[in-house]
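S.K.: Okay, handing you the structure first.
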C-alpha cells in the first residue's frame, strides 16, 4: 500500500532485533498490508538507542521517527528497554522547547509474535505523520555575513555586540 | 571581619596542605574579574570576592586532578552553583572528594555584564564598581551611575535555590536566606507560550548566528570529554565541519543531551557565548523534565544515582501510551 495521498514521507524506525524487528517480519510473513514510508534501522536492543540518533534523524530530514522495542519485562538483555524508556520519555518531553513537534517522534513496544500489532503501529504512526505533513527543515546557512558586519562596525570604531562598548578605562 | 577577610584567613590556614587554591582576582578593568591560582601566601593578597566573580572554577578541577599518580590537593572558592558542579563531578567519580577543599560563602547573585552594559549606557570608562546593599554604583571619571542590583543580576540567579555553597569544607560569612523563587524561570515560561513553529523559527535564527566556537562547551564544568567530545570527533562522525544552521543546532542538541540529569544550571554556557545565544532556555527546559520525571536535582547529593543510570520496572511518572 502506498501513502494515502500518493506522496511518501521519510519515517525512520529504530527496531530492536529481538522483538519488534521480528514483529515486523511476522507482519510481512502474514502479508499484512502496511504503508511503505518507514525505513527500518535494526539495533541490537532498544537500550542501544542514543536519543541523539533520533535528534540526528529529525534534523537531517526525517519527517518522523518511530522507536520500537521489547515490552517491559521482556527485554532480551533483561533491562535494556527500561533504560531506553527513561531516555526516550526524556527526549519526548524535551522536544517541544526546540520547536520540533513531539508528535513526530514515538516509541512503543511490539513483540516478535505481534504482527498484527505491528501493522497497527505502523499504520497509525504513518497516518499521524501524514497529517502533520513534511517536517520543517532547519535552513539558513551560517552567520558569517553577520560576522562581516561586526568586523565593519569594529573597524569603524563602534565596537561589537560581544564586548562592552566604551566602558573600558 | 568582612567575608573576604574571613575567607582569606581560612585559605591561609589551609594553604600549606594544598597544592593550590582557585579564586578570583581583578582582571584588566574594574568590571572584569579573572580566575586566580593561589600557590603562595603572596598570591592570596590578590584574591577578591564580589558579584563580578562570575566564573565557575569547578571547570578546572577534572583537568587538575586527573591522571594516575596524581595526588594534587586543590582548594577552590565556590558559589552555591559552583559547589553543585563539584558535587556532581564527585558523584560521577570524575574527581575524588578527599582531594578537593571547598571554601564556600553565601552568594547573593552575580552580575550579568550584558545587563550591566545595557544599564550603564553613556557611562564611559568605568573606574570602580561598588556594591552597597541592593544598589550598584559605577564610577567613571565624569559620571556616576547607580543601578539596582536586581536589574543587572544574572538570569540564572532569579531561580537559584542554592545561594549557600553545599557541602563546603569551610564557610565564610553568614548564610544567605533562601527566598521563595518561581519553579519555572520566567524566560522559559514566556518562551513556552509561543507556538511550536515560532519556537522552531527562533532557534533557527539563533543557530544561524552560532559560530561554533565551542565556548559553551569549554566553559561547562560538566563537559569533561575535552579532546574526545563527539562533536569534534571523526569517528564517530556526528557532525560535519560544515558550518550550517542545522549542524550548529545538532551541536547544541549533543550538549543538552549529554547534560541530562547532570546540568547544575550554573549558566556558564550562556555567559561565555560571544553571540549571546540564550542557551539556558534549553538547559532549564531539560532540567524541568528531569525534575518532573525523576524528581531528581543534579549536584545536590554525591551519593545519588543519576536518573538515566537506573530504572523502575513500573515507572510512576511515565505514561505507557496504549497503542
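S.K.: Could you calculate, for chain B, the ratio of the Cα radius of gyration to the Kirkwood radius, expressed as Rg to Rh?
M.R.: Expressed as Rg/Rh, it is 0.97.
S.K.: If one takes the longest principal axis of the Cα atoms in chain A, at what angle in degrees, from 0 to 90 and to the nearest 10, does the Cα axis of helix A:144-155 lie?
M.R.: Computed tilt is about 20 degrees.
S.K.: Next question, about the same structure. Expressed in whole Å with the largest first, what are the equivalent ellipsoid semi-axes of the protein assembly as shown derived from the C-alpha gyration tensor as the square root of 5 times each eigenvalue?
M.R.: Three semi-axes, in Å: 47, 27, 19.
S.K.: Right, next: Mind checking B:236-242 for the average number of partner chain beta-carbons within 10 Å of each residue's beta-carbon?
M.R.: Partner Cβ neighbours, averaged per residue: 1.
S.K.: Sticking with this structure for a sec: Taking just the C-alpha trace of the stretch B:22-122, give me its Rg and Dmax in Å.
M.R.: Reported Rg and Dmax, both Å: 15.1, 54.
S.K.: Semi-axes of the equivalent ellipsoid for the stretch A:11-138, please: Cα gyration tensor eigenvalues, times 5, square-rooted, ordered largest first, whole Å.
M.R.: Working through the eigenvalues yields semi-axes of 22, 19, 11 Å.
S.K.: Still on this model: Within the protein assembly as shown, what percent of beta bridges assigned by DSSP are antiparallel, to the nearest 5?
M.R.: Taking every DSSP beta bridge with both residues in the protein assembly as shown, the antiparallel ones total about 45 percent.
S.K.: Gaussian network model of chain B, Cα springs within a sub-10 Å range: biggest mean-square fluctuation belongs to which of B:306, B:148, B:35?
M.R.: Among B:306, B:148, B:35, the largest mean-square fluctuation in the Gaussian network model of chain B belongs to B:148.
S.K.: Nearest-5 percent of antiparallel DSSP beta bridges in the stretch B:41-149?
M.R.: So the antiparallel bridges in the stretch B:41-149 amount to around 65 percent.
S.K.: Among A:81-92, B:290-301, how do they line up from the highest to the lowest mean number of other beta-carbon atoms within 10 Å?
M.R.: A:81-92, B:290-301
S.K.: Multiply the residue gap between residue B:226 and residue B:70 by 0.36 nm, knock off their C-alpha separation, and tell me the result in nm, one decimal place.
M.R.: The span from residue B:226 to residue B:70 would gain 54.3 nm if fully extended.
S.K.: Related question: List the equivalent ellipsoid semi-axes of the stretch B:182-323 in whole Å, largest first, each obtained as the square root of 5λ for an eigenvalue λ of the Cα gyration tensor.
M.R.: 26, 20, 17
S.K.: Efficiency by 1/(1 + (r/R0)^6): what FRET value for residue A:31 and residue B:316, r their Cβ-Cβ distance, R0 = 51 Å, to the nearest 0.05?
M.R.: 0.80
S.K.: Across the residues of B:21-30, average count of Cβ atoms on other protein chains within 10 Å?
M.R.: Across B:21-30, the average partner-chain Cβ count within 10 Å equals 1.
S.K.: Please report the antiparallel percentage of the DSSP beta bridges confined to chain B, to the nearest 5.
M.R.: In chain B, approximately 65 percent of DSSP beta bridges are antiparallel ones.
S.K.: Still on this model: Just checking the output field for B:33-45: average partner chain Cβ neighbours within 10 Å of each residue's Cβ?
M.R.: For peptide B:33-45, the averaged partner shielding equals 0.
S.K.: In addition: With chain B treated as a Gaussian network of Cα nodes joined by springs under 10 Å, which of B:63, B:23, B:104 yields the largest mean-square fluctuation?
M.R.: B:63
S.K.: Dimensions of the stretch B:113-152 along principal axes (Cα, Å, largest first)?
M.R.: Over the stretch B:113-152, Cα extents along the principal axes are 24, 19, 12 Å.
S.K.: Between B:253, B:286, B:102, find the one with the highest GNM mean-square fluctuation for chain B; connect C-alpha pairs within less than 10 Å.
M.R.: Result for chain B, Cα springs under 10 Å: B:253 fluctuates most.
S.K.: If you rank B:264, A:154, B:74 by fewest surrounding Cβ atoms within 10 Å, what's the result?
M.R.: Exposure proxy ranking, most exposed first: A:154, B:74, B:264.
S.K.: Using a basic spin-label model with each label point 7 Å from the Cα along Cα→Cβ, how many nm lie between residue A:131 and residue B:291?
M.R.: Going from the residue A:131 label point to the residue B:291 one covers 3.2 nm.
S.K.: Let me ask something else about it. Among B:207, B:257, which comes first, then next, by fewest other beta-carbon atoms within 10 Å?
M.R.: Lowest count first: B:257, B:207.
S.K.: Note down the nm distance, to one decimal, between modelled labels 7 Å out along Cα→Cβ at residue B:17 and at residue B:115.
M.R.: For residue B:17 paired with residue B:115, the spin-label model returns 3.7 nm.
S.K.: Shifting gears a bit: Calculate I(q)/I(0) for the stretch A:17-79 by the Debye formula, one identical point scatterer on each C-alpha and no solvent, and give its log10 at q = 0.28 Å⁻¹ to two decimals.
M.R.: Cα-only, vacuum Debye calculation for the stretch A:17-79: -1.23.
S.K.: Please provide three numbers in whole Å: the alpha-carbon extents of the stretch A:73-115 along the principal axes, with the largest listed first.
M.R.: The principal-axis extents, from largest down, are 36, 23, 10 Å.
Bear in mind that the values in this text are calculations on the coordinates, not laboratory data. Computed from a predicted structure; not experimentally measured. So basically every Cβ, Gly included, is an ideal-geometry build from the backbone, and we count neighbours across all protein chains shown.
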